[in-house]
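The values are calculated or read from the model by the stated rules, or taken from the named source; none is laboratory data. Keep in mind that what you see is a predicted model, and the values were worked out from it rather than measured. Positions of Cβ are backbone-derived with ideal geometry, glycine not excepted, and every protein chain shown enters the neighbour counts.
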Amino acid sequence: MVMLRSPETGAGVMRWRVLGQGEEEAGWRDWLRACEHEELLDDRDGNASGLEAPLLDGTPEAVVVGGALESRNEPIRRGAELGVALIVLHPAGLDPDALYQVAVLPRDQAPALVPELPWLTDPGWVLVRERVERGEVGETVSIQFQAELGRRRPEVSAAAYAGGVGSALVPLLGSVEAVTATGTDEPIERRIVQLRGSNGGDAELRITRGLAATTEARLEVVGERGSVVWVGDAWLTSPATVRIQRGQQTEVIEIGEVDRRAALLASLKAQCQGQEGRPGLREAILAMEIGEAVERSRARGRTFELHQDEISELGSFKAVMTSLGCGVILMVLTLFVLAQIMRALEIPGSAIVAWSTLPLLAGYALLQLLRWAARPSRGRGD
């Protein structure tokens with residue numbers, strides 16, 4: 001892990017590269033150039049080769065991973081190998097495979113990784129979760145969210161956006177156990193998503209990407225004794241309002257504009273210094289899994305169950321051994337039946353075929369010893 005010095009002490013400058021040439025990546029470059037304690041290295045073509053820069057050109061301590069979705073997995077993998085701190089723009093790629101590979105690394109080898117999930121750190125969303133969790137509006141009856149994404153961030157699909165929002169609603173749902181989604185792609189991209197929580201609650205998300213120039217969003221949590229409503233920009237880039245209704249009493253709280261990049265940087269520096277910084281790898285994986293489940297559910301027309309097992313070398317070993325074990329059993333049964341047929345037909349070699357099952361079973365049993373070489377879990381994305 002890259003250990004960074006706190007910028008408040010003035011002890012050092014953090015060297016950065018930004019991968020990708022989109023609008024959001026350009027915003028990060030401008031922001032980093034304006035930061036006193038951050039140094040933006042020459043981006044060249046802004047792709048994964050930025051991680052391989054020669055020493056004379058300066059080696060990055062941190063990288064903002066953006067660019068085309070299909071190209072984001074490799075910088076994440078390579079950055080993890082090099083121990084480079086990573087801020088990963090949402091979504092982290094077309095699939096969460098690279099994040100899974102980071103998750104199985106030992107704690108002392110895992111890089112600091114912060115996904116761009118502003119819904120987890122936005123003061124307005126944090127306020128909504130805190131008020132609901134404190135029981136100010138009673139037991140939750142319903143959670144509804146709707147957003148118009150407009151023309152901004154075209155690389156973020158409605159499904160990926162739903163994944164990010166869903167990861168932020170986990171504290172209110174316990175955990176997301178199942179996803180049901182419907183929607184259309186033409187002429188307007190639209191997703192209607194139902195998230196089923198482990199605490200018995202549900203959340204409904206309605207995400208639309210049309211031709212509207214405005215980007216508006218609304219989160220409403222209705223309880224037995226009132227409601228909490230957040231209204232603001234879908235990308236959390238402008239002031240918002242939180243209205244809390246308890247009986248006849250109404251409390252309105254204005255939330256000012258927040259520097260979401262500064263919040264992500266603070267989380268990254270906390271992780272680099274060995275502290276807990278959220279959002280982290282756990283939230284990145286969950287957001288990707290929910291987004292994937294949305295598309296699979298819509299494509300197959302059924303509810304998609306999420307099984308959030310621990311990610312570790314030991315877990316992967318068990319999964320491989322389960323599959324291999326099934327294959328061994330089928331092979332043993334096939335050889336046994338073949339031996340019986342050969343004996344009935346008085347074909348020579350039936351005994352050899354029958355006894356050949358023993359080496360198969362012995363080999364599979366010996367493979368189980370490898371489980372002691374697998375590293376134990378360090379938690380799901382911890």
Inset, instruction - Report the residue count in segment 208-227 for those that are touching a Lys or Arg at 6+ places or on another chain (Cβ under 6 Å) and at pLDDT 95 or above. - result: 0
Inset, instruction - Answer with yes or no whether Ala344 is over 28 Å from Tyr100 (Cβ atoms), modelled with pLDDT of 80 or more, small (Gly, Ala, Ser) and in contact with a helix residue (DSSP H, G or I) (Cβ under 8 Å, 6 or more places away or on another chain). - result: no
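From the residues in segment 275-300 that are assigned to a loop (DSSP other than H, G, I, E, B) and in contact (Cβ under 8 Å) with a residue 12 or more places away in the chain, which one is surrounded by the fewest Cβ atoms within 10 Å (Cβ to Cβ)?
Arg278
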